[in-house]
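Written out below as structure tokens is the structure these notes cover.
The values are calculated or read from the model by the stated rules, or taken from the named source; none is laboratory data. Bear in mind the structure is a predicted one, so any value in this text is a computation, not a measurement. Here the Cβ positions follow ideal geometry from the backbone for every residue, glycine too, while neighbour counts run over all protein chains shown. For accessibility, only protein heavy atoms count, side chains too; no ligands or nucleic acids. Shrake-Rupley method; radii C 1.70, N 1.55, O 1.52, S 1.80 Å.
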Amino acid sequence: MTRIFSGIKPSGHLTLGNYLGAVRQWVASDQEPDEALFCVVDLHALTVEHDPARVRRLTRQAATLLLAAGLDPQRCTLFVQSHVDEHTRLAYLLECTASDGELRRMIQYKEKAARAQGAGEGVRLSLLTYPVLMAADILAYGAQEVPVGEDQRQHVELTRDLAVRFNQRYGHTFTVPKATHPKVAARVMDLQEPTSKMGKSHENGAGIVYLLDEPEVVTKKVMRAVTDTGDGGVVYDRQARPGVANLLDLLAACTGGDPAALAGGYSGYGALKRDVADAVVELLRPVRERHAELAADPGAVEKVLREGAGRARALARPLVDRAHEAIGLLAP
Ligand code: ATP
Ligand code: MG
């Protein structure tokens, strides 16, 4: 059995990028509860300007959507990060393992810090230390694999570096995890700005397909997607033709085909967009429908999260206790 861990931040409504890059892999993992841990990482949503009531609402919604997408609480552990204190306990020990320089090099820190400054907001210290907390999320469970989108590659690399460094300094404590990515759509691009990743916290939603968008809205967003200029027809070239390549990636991810091969079936962008729109609508339909059912019984979702937190705590505590002693702290 391979133990896997992954998480999603309640920083906005879940997107098609989150679904294809991460959540769909989680659903496919189909394991035992102790081997597959999925987490709504609410503490990470506090690293930028936030509205408390919205974070609470989005945390509940994210958990409900994960269940709607097919996570089965009988076969995985689903919980909320802040309900398990071991994450922050371990994060501090890892902050004493990481260096200021390696955190300042993180691409997402640079991007998100620039965005906060551009909006006239301060850069929270937690935005800098966020990848250390993420390392703690993963290492606390001895996870071997971390199914994530491409954009998280650098953070999982840092997690590996911290695990190796801690083990070398203080004796073997942590499993060194590796990231896994889906074959297609590991980096879904924004439909209006196909050189940037689709991200749920971005201000302009016109290029973002949200999992709960109505079918008409999904269709409109896809039909208005920015395509590339040039008369080379429909070809799959991520560098030169990012808009079209993104549409082909989406079609391939929805239909199970190969993006480059699918390109051959189209002579114009219009037909491609229509097929992408239809495929995405069909992909999301069951998720939306199931979400509506589950949202009608929030007590049931809360019960799943409570039980999940109990299981997660029981798994994390002995490992974090071991790290606590290894680094030089007296056992309590
Ligand atoms: P934010 O803009 O707040 O960072 P996000 O959309 O990037 O939000 P996260 O909670 O940071 O979402 O990431 C959750 C998971 O979704 C991660 O595994 C991440 O790699 C994946 N993911 C996020 N965006 C995409 C995308 N555009 N394509 C593929 N995977 C993605
Ligand atoms: Mg992100």
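For this structure, a couple of remarks:
- Matching option when the condition is in contact with a Ser or Thr (Cβ under 7 Å, 6 or more places away or on another chain), within 12 Å of ligand 1 (Cβ to nearest atom) and in contact (Cβ under 8 Å) with a residue 12 or more places away in the chain, among Leu127, Leu139: Leu127
- Candidate set: the stretch 28-42, residues that are open to solvent by less than 40 Å² (accessible area, probe 1.4 Å) and in contact with a helix residue (DSSP H, G or I) (Cβ under 7 Å, 6 or more places away or on another chain); chosen: the one farthest from ligand 1 (Cβ to nearest atom): Pro33
- Of all the listed residues (Arg54, Arg60), the sole one being free of Cβ contacts under 8 Å to residues at least 40 places away in the same chain, surrounded by fewer than 20 Cβ atoms within 10 Å (Cβ to Cβ) and farther than 27 Å from Asn246 by Cα is Arg54.
- Residues within the stretch 133-150 that are within 13 Å of Thr175 (Cβ to Cβ) and assigned to a loop (DSSP other than H, G, I, E, B), tallied: 5
- Restricting the stretch 12-27 to residues that are open to solvent by less than 40 Å² (accessible area, probe 1.4 Å), over 19 Å from Ile138 (Cβ atoms) and not aliphatic (A, V, I, L, M), the residue that is modelled with the lowest pLDDT: Gly12
- Enumeration of residues in the stretch 95-117 that are within 14 Å of ligand 1 (Cβ to nearest atom), surrounded by 12 or more Cβ atoms within 10 Å (Cβ to Cβ) and more than 14 Å from Gln154 (Cα to Cα): Lys112, Ala113, Arg115, Ala116
- Residue count for the stretch 180-211, restricted to those that are open to solvent by less than 30 Å² (accessible area, probe 1.4 Å) and either touching a helix residue (DSSP H, G or I) at 6+ places or on another chain (Cβ under 6 Å) or more than 14 Å from ligand 2 (Cβ to nearest atom) (or both): 13.
- Residue under evaluation Thr175, criteria (1) away from ligand 2 (no atom under 16 Å from the Cβ); (2) in a strand (DSSP E or B), criterion not met: (2)
- Helices (runs of 4 or more DSSP H) enclosed by the stretch 202-280 - at least 3 residues per element that are β-branched (Val, Ile, Thr): 215-223
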